[in-house]
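Novice: Sharing a structure below in structure tokens format, with a few things to ask.
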Amino acid sequence: MSPTSTPPRMALPSPRTPSAMRTHAPLAVLLCVLALIPWRDVAAQSFDATGVIHVFVSQVIGGETSYAIVPVPTSRVRSDMPTRVAISAAFDLLRADKPATYDGASLRLTDADIEARQAAVHLTGNASSNFPVIAAETVYTFTAYGIDRVVFPGIHEDGLTRADIPFASYRPQLPLWQALPPTDLRVGDVVLSDGTRIAAMEFRERWAANEPGLRADLLAFLQRDDPFSLYGALRRVKDEPPPGYEDAVIPLLAHADPGLRRLAMDAVASSRQPEAWDAVLERMRSDDQGELRAHAARLLGESPLDQYHLYASFFAIETVSSEDRPAAVRQLATIDDPRARDQLVSLLEHAESAVTSAALDALATSLSFARLHEAMQNDGLAANVRVGAAQLLAENDDPAHRLPGLRFQLDRLEGERALVILDDIVDIPGDDARVHVAASLEHPDQHVRVAAARALGARAEPASIDALAGAHASAEPDSRLAVATAEAAFQILVALPADQIERRAGSRETFVRRAALRAWGVAAAEGRAPANVYDALVTRTADTDPGTRGGAVLALAAFRNQQAFERVMGAADDDDDAVLADVARALSAFDEPAWIEEANAVLSTYVQSGTPTMQAWALHSVGVLGLERLMPIVLQRIESSDASVRAAAMVAAVDLVREDPPRPVINAVIGRVRDPSQANRVVALEQLGRLNHELAVLGISQVINERDAEVRLAAIDALGSTGHPGAVGPLVSILEESDPHARRASLRALRALGLAEGATRIEGVLDRLPHEETRQAAQELAAWLRQNGR
């Protein structure tokens, strides 16, 4: 052993103590808190050794350094050896182990010395400086083998006995947990948990052989009450966990001492036992120390058992700042565990909207569409959360998810936004989409109902007939919905084979029968039905049911020949106003000059004195047939008290003068942009949009900032339809507004306008556009107009 520290002066009985003894000399061995510096004579040790040598050590107890002489067993010195042999062998061991300390030391042992029961140790050079250490070791060692004192010539001529050495002699005893590697205990005893003592070297061999009993005994120390043993044993368990250690450590995770709880968590960090990680999870959830909860969360995130990783994310969500919480929520999408989905669902009730939005995004990212369906249908969630779930479902390509998401939004929207959603549903093929469109016939917004009816007609699926019939029955007579449902039923039926149309022409339901009769007539006129269909239709014009008679009249119009014209004109004597309205409508099909001349008188009468329905259909035919002579009456009807008549009159007026519109006509329509009926305001704007005239642009611009979103969007679309350069300025100005729907409508209108000068105007405001999406779309539109604009 090489010196590592300095002992205090050693008071000796002789007055002849040289100055070297009054200085601090380095120690041969340092023992810190019951742990020994290794003794080198390992190979020579055995557990049945009969001899000892004594080693000088220091130890720190309670912060104070003390010194002692420790007996070291050895087989190279035995008590039955001759004195000279035993002492010489012992001195060689001491000197060989500490050559620096004993440098300059030599042994003199003559027969006279043996007879005087003494030995002489000469110290020169470095050995003189280490006199306290050499004296302590040699006196204690030599006096065990037949002498009483040791003489140190020139230092202590009278010799020293054990009584002169001021250091205690004892055999170290360490509890098992302190004797474990890297402690290299070679001297003393190892004390087991039950008090049993094992010689240090024996313990070393048995521990190296992985003796189960010793390893289990380490865990027994974890049952102690004293923190010193608990801390020490737990650290050893953490560094080298013995089999089954979890059962002993888990209770310590709930210990009253926070430091022990943390150390116990560290001790199970490599465990693959769910019970251990459940205990760590409990610390994360309930420990009264925030730092320990955070530590438990970190360990869970690094657990060798993947199923515990998500709890670290849970903890992060609870503890991070509001700004960082959404990112922590989105991390759950990366964990393939149903519990992560459950946590995301629970976060949909979070008070922070950014968190609920992140939870929805994470559910979509993790393809948890079933959970999004549940959230969408959960009445207990906030409306914006449910709509958010619906929007994410609607973005999916799978109709099974997309359709319910779109339908949920549609049921809660009105106006243009609802119509956009309806269009998305209509574009999806398959019967499921048709069912959703048919359900929209009951939407609270009449525009959606009408659009749904038209969409069903365009899809031409016979399964929609029943839904259209139901919507028609609940609609106001002659309303837009009634007209739209009837037209849709006709579109569906006219696409069917003639035999199927004929079968439905005999339906008991008037709605279906009328639509089928019209379709039957068209099929016959196109040669897809037998020639005798005409005669069958003529017969139906005399039916007792007005609906059937009117349907037959409309069907005959499809033939567009003199015979059919005469049959239609003959029906003008019918006593039912509904049939007469059908006559007015049917006459629009007969556009030959002779027919127009004869129809003029009937239509003029209907426009002036018929029922509102008769007037509306008569005005329709006037516009289609171009009866300009009736313009004064048409302009009068623009001021009618009936909304449907006013609407039909506006359309007819523009039909009659579209190529070169006179100011009176334009002004009459402009007067209706503030009609009491919202539907008529939209009709007025649509008709002005058909006129490429500066006055029409000015009229539309009157309501370009209308609060009614539907009217405003209709005005924007109308500006795009005019084709007039004056529309460019108002449309470009809308791009700078905050309303995203208006901005998108303006971009559509500018493209529809198709004027190259629009590119220059758009580029002039690009830097002022507040929204990146709009700015990019506007830039692309400007480039398109430069290349394709007129």
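Novice: Would you please calculate the Kirkwood hydrodynamic radius of region 52-196 over all C-alpha pairs and express it in Å, rounded to one decimal?
Specialist: Details: mean 1/r = 0.0615 Å⁻¹.
Across region 52-196, the inverse of the average 1/r is 16.3 Å.
Novice: Let me ask something else about it. How large are Rg and Dmax for region 419-563 when calculated on the C-alpha trace, in angstrom?
Specialist: Every Cα atom of region 419-563 included, Rg and Dmax give 15.4, 47 Å.
Novice: How would region 368-454 be classified by its alpha-carbon gyration tensor: rounded, prolate or oblate, with rounded meaning a/c under 1.5 and the a/b versus b/c comparison settling the rest?
Specialist: Numbers: a/c = 2.19, a/b = 1.38, b/c = 1.58.
It comes out oblate by the Cα gyration axes.
Novice: A further question follows. What's the Cα-based Rg to Rh of region 298-347, Rh via Kirkwood?
Specialist: Values: Rg = 10.4 Å, Rh = 10.9 Å.
Over the Cα atoms of region 298-347, Rg/Rh equals 0.95.
Novice: For Cα extents along the principal axes in Å, several values are listed as [x] 128, 79, 65; [y] 166, 58, 41; [z] 85, 75, 53; flag the one computed from this structure.
Specialist: Working out Cα extents along the principal axes in Å from the coordinates points to [y].
Novice: Tell me what the chain gives for mean residue ellipticity at 222 nm when only DSSP H runs of n ≥ 4 count, each as -39,500 (n - 2.57), the sum divided by the residue total, rounded to 500 deg cm²/dmol.
Specialist: On the way: 42 runs with 448 residues, N = 790.
Value at 222 nm, helices only, nearest 500: -17000 deg cm²/dmol.
Novice: Using alpha-carbon positions, what is the distance between the centroids of region 335-396 and region 152-184, in Å?
Specialist: After rounding, the separation between the Cα centres reads 74 Å.
Novice: On to the next question. Sort 281-289, 552-560 by packing, meaning the average of other beta carbons within 10 Å per residue, with the highest value first. Intermediate results must be reported in sequence, preceding the final value.
Specialist: Details: 281-289: 15.9, 552-560: 24.9.
Going by the mean number of other Cβ atoms within 10 Å, highest first, we get 552-560, 281-289.
Novice: Ok, one more. What Kirkwood radius, in Å to one decimal, follows from the Cα pairs of region 209-322? Walk me through the numbers on the way to the answer.
Specialist: Values: mean 1/r = 0.0693 Å⁻¹.
Answer for region 209-322: a Kirkwood hydrodynamic radius of 14.4 Å.
Novice: For the chain, with only Lys/Arg (+1) and Asp/Glu (-1) charged at the beta-carbon, what is the dipole magnitude about the Cα centre, in debye rounded to 20?
Specialist: Once rounded to the nearest 20, the dipole reads 2120 debye.
Novice: Counting other C-beta atoms within 10 Å, which of SER79, SER641, SER229, SER58 has the fewest, and how do the rest follow?
Specialist: Working: SER79 11, SER641 7, SER229 17, SER58 20.
By the 10 Å Cβ count, ascending, the order reads SER641, SER79, SER229, SER58.
Novice: A further question follows. Consider all pairwise Cα distances in region 535-640 and report the whole-number % of them above 19 Å.
Specialist: Details: 2043 of 5565 pairs.
Result for the distance tail: 37 percent.
Novice: Quick one: Kirkwood hydrodynamic radius for region 246-374, alpha-carbon pairs, angstrom, one decimal?
Specialist: On the way: mean 1/r = 0.0653 Å⁻¹.
Evaluated over region 246-374, this radius sits at 15.3 Å.
Novice: With 10 angstrom as the radius, rank HIS255, HIS447, HIS54 by how many other C-beta atoms surround their C-beta, starting from the fewest. Please list the in-between numbers first.
Specialist: Values: HIS255 16, HIS447 20, HIS54 25.
Ordered from fewest to most neighbouring Cβ atoms within 10 Å, HIS255, HIS447, HIS54 come out as HIS255, HIS447, HIS54.
Novice: Continuing with the same structure: Under the classification rounded if a/c is under 1.5, otherwise prolate if a/b is larger than b/c and oblate if not, where does region 658-788 fall, given a ≥ b ≥ c as square roots of the Cα gyration tensor eigenvalues? Kindly include the intermediate steps, with their values, before the conclusion.
Specialist: On the way: a/c = 2.68, a/b = 1.54, b/c = 1.75.
Oblate.
Novice: Hand me the trypsin sites (Lys or Arg not before Pro) from region 680-775 located in a DSSP loop with no more than 14 other Cβ atoms within 10 Å, in residue order please.
Specialist: Numbers: sites: ARG681, ARG690, ARG707, ARG712, ARG743, ARG744, ARG748, ARG751, ARG761, ARG768, ARG775; in loops: ARG690, ARG707.
Sparse-neighbourhood loop trypsin sites (Lys or Arg not before Pro): ARG707.
Taken together, the values in this text are just the output of simple stated rules run on the coordinates, not laboratory data. Everything numeric here is computed off the predicted structure, so don't read it as measured data. Please note: Cβ atoms are built from the backbone with ideal geometry, for glycine as well, and neighbour counts cover all protein chains shown.
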